[in-house]
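The values are calculated or read from the model by the stated rules, or taken from the named source; none is laboratory data. Since this is a predicted model, take the numbers as computed values, not measurements. Glycine gets a Cβ as well: all are built from the backbone with ideal geometry, and neighbour counts include every protein chain shown. With ligands, DNA and RNA removed, areas are computed over all heavy atoms of the protein, side chains included. Shrake-Rupley method; radii C 1.70, N 1.55, O 1.52, S 1.80 Å.
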Amino acid sequence: MLTGPTPTVEFARRLRRNLSLPEAMLWQKLRLRPAGVKFRRQHPAGRYVLDFFCAKAKLAVEIDGRSHDGAGSQDH
């Protein structure tokens, strides 16, 4: 299972409480476990936080948005 250092885990917890509108809309669908597949939201992976992650399928889903538009974020 993917995980991250304590600061990343804490950051992921804060992000779970403050989903963006596109993330919240997608989460409403993914939380129903489409095709029996379980997703996690705001999952820590090393120093990154994945918007959605399915361990069984080894699939990460990233939603583009304002959080990715900040200075240096695009280059990173």
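Numbers for the structure displayed
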{"read-out": "Extreme residue, farthest from Asn18 (Cα to Cα), among residues of segment 29-55 that are touching a residue at least 40 places away in the same chain (Cβ under 8 Å) and over 8 Å from the mean Cα position of the chain (by Cα)", "value": "Ala55"}
{"read-out": "Identity of the residue in segment 1-37, touching a Pro at 6+ places or on another chain (Cβ under 7 Å) and in a helix (DSSP H, G or I), that ends up surrounded by the most Cβ atoms within 10 Å (Cβ to Cβ)", "value": "Ala12"}
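Yes/no matrix, rows are residues, columns are (1) more than 23 Å from Val9 (Cβ to Cβ); (2) at pLDDT 95 or above; (3) open to solvent by less than 70 Å² (accessible area, probe 1.4 Å); (4) polar (S, T, N, Q):
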position	(1), (2), (3), (4)
Phe39	no, yes, yes, no
Gly46	no, no, yes, no
Phe53	no, yes, yes, no
Ala57	no, no, yes, no
His68	no, no, yes, no
Asp75	yes, no, no, no
